[in-house]
1. Cβ under 12 Å from A:ILE237's Cβ, A:ILE237 left aside: what net charge do those residues give with Lys, Arg +1 and Asp, Glu -1?
2. Can you give me the distance in nm between label points at A:THR243 and A:SER260, each placed 7 Å from the Cα along the Cα-to-Cβ direction?
3. For A:ILE131, what is the net charge nearby, where nearby means another residue's Cβ is under 15 Å from its Cβ and Lys, Arg count +1, Asp, Glu -1?
4. Rank the residues A:ASP6, B:ASP143, A:ASP227, A:ASP75 as a footprinting-exposure proxy: fewest other Cβ atoms within 10 Å of their Cβ go first.
5. Rounded to the nearest 0.05, what FRET efficiency do A:ASP108 and A:LYS252 give with R0 = 30 Å and r taken as the Cβ-Cβ distance? Could you check?
6. What's the exposure ranking of A:TRP283, A:TRP231, going from fewest to most Cβ atoms within 10 Å?
7. Let me know the mean shielding of B:210-221 by other chains, meaning the per-residue number of their Cβ atoms within 10 Å of its Cβ.
8. Which ³J(HN,Hα) values in Hz, rounded to whole numbers, follow from the phi angles of segment B:117-130 under the Karplus curve 6.51 cos²θ - 1.76 cosθ + 1.60, where θ = phi - 60° and Gly and Pro get x?
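Only the coordinates and a few stated rules stand behind these numbers; no lab work does. Just so we're clear, the structure is a prediction, and the values are computed from it rather than from any experiment. Don't worry about glycine lacking a Cβ; one is built from the backbone with ideal geometry, like all the others, and counts go over all protein chains shown.
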Amino acid sequence: MATITDPSPTDFATGAVPTGDQANAKVGLLGETDGRLDTSNMAATTKFRQHHVQHGTFTRNRSSGATANVDFLGDLLFPQFSKLSSLVVAPKLYTDAADNTYGIDELDYVPIPGLCEVMENPYTTASRVRITWRVSMYLGTDVNSLVDLTTDGEQRWNSFGNLKVHPVSEGGPRSAMCYVTSGVLRLFVNGVAHPTLLRRYRSGFSSAVPSTDYTKSEAQNYAGQTDFQVWEFSAVIDSAQVTAWEGLTSGKPSPLSKGSHTVSIRCFHTNRAVRFKTRYIDWTYSR
Amino acid sequence: MPQDQDPFNTASLQGPAGIIASYNALDEESMARGAINWRHAPASYKLVGGSHSAFGLHGPAAHPGYEVYRNWAPVGASPSAGVPFPEWDPVSFGGTVMCASGAGAPYGKNSVVGWSIIAKNNTVATSARIYANMPYNGTGSFDQGEAAIDVSGYVEACNAWGQQGDFSAGSGPYQDDARMGPILAVALRIDGNWYIVPDSMAMYDGTLMVDSIHCRTRVTAAMCRTMDATGVTLEYIALAVTMRGDPDWEAGDARAGIRLGCWGISADPFIGDAV
């Protein structure tokens, strides 16, 4: 460490009246001891290096969002799944045409407008990146309703007043293995899905996303469940989490490497529609 | 971190040696959290190892699913072991909301002490727990209120237990016992004891089904002191959950419960002048 010397130690002695220059010099001296980047007290051979700046000191941040409604229509976005009488989403299993089982990595995820960003990392190796998102949505009923919707049109209710949904099948709601559902929200970076940062949702119990035909889309909710849901989280991704993120270590660049990276929240569902409302995504790189 | 001195206040003015000694007060912990002080950074210095996040799931890896978290507290008993928060009357009994020994911390499902730290299969290794190791007993920027940790957490939640009906058409999906829903909160371990952070509590209605619950808070030294005024070290930060039960909960009723799926907890430490 360089030796810090006060060239004029008596300027501020009791009774002295320092000049402006003397006062400024003193302030400058205090600034140096406070870590200000100044070479006046450094050895001539000292160079300012990357390791002199601690991790987390500098950050770069940007956010984006949207408030307009956007409807994700299952029949349009995921047509190959709309004809299935049932769908089993079982992560880590792979397609078996006989039982309509799809691995969760095999589903067709579509980025949600307002939940996509390009993350620009100016640091050679960032220590971490914090990704924050919040999305709210209305759930629509399932395209795999228990009753043939082609017969009943848009109507969600049968003649007995019962809602035609099967939000969690395959073992029933009491099953400890409740892995069947109708939709997934998932974090992606550089096109690679995070293995566990996902959030499943069901089909709607009410006609929360109305049909264009209101006579067949009456607002009913016998199940006592709200169909308005929110997902929000701040994921801090450091080197340990990159290592654990399958896919990011096998070909796709780490988001902590220098350069531009993509981040998005994507969805898949077999609902007739899911209406995304307010949504927001933010990233902050720390050197 | 030391405050700047007023150079025009002769009473506070120090010579170079005094100034240097003062600014040498920054410790490794402060530096690791982002304080600028290159004079004290050797070329070999690196950020202290550690994780900022814990992400996980329940059920077997091949089929991420849900596990049931239930309270096991008997009805009407006094607040002793096995009778924790949901029916712990703080007016009558006082005390903190949760304080369990580190050795016996309630990880995973089916807690008998009310609050459970979210964990797959009751194991610490797969728990929603982050190592913090921040002292607050007189040294360091965290202690001095110039560093803090922003904590964020979420977990998939699906309400269901007890005598509720099934989810078929038109039936009621919940029962009285579970109607009040879960509370998700941040838990701190200080000197071996766990505490729930009251202002982090996020209370949810019982009509959750294939939904998610969230909470976030800012952990400061001042907050830690409200948990343990004479504590030394904030050791861990975790995500904990409990269930509120119906007030007319009676012996023999099924315990209120919540099924939890995929989860995440992240800690974002930072230095700021006004935490």
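1. 0
2. Taking the simple label geometry, A:THR243 and A:SER260 are separated by 3.1 nm.
3. My count for the surroundings of A:ILE131 gives +3.
4. Going from least to most buried by this count: A:ASP75, A:ASP6, B:ASP143, A:ASP227.
5. Efficiency, rounded to the nearest 0.05: 0.95.
6. On the way: A:TRP283 25, A:TRP231 21.
Final ranking by Cβ density, sparse to dense: A:TRP231, A:TRP283.
7. 4
8. For segment B:117-130, the Karplus-derived couplings read 7, 5, 7, 6, 6, 6, 9, 4, 4, 10, 9, 7, 9, 10 Hz, x marking Gly and Pro.
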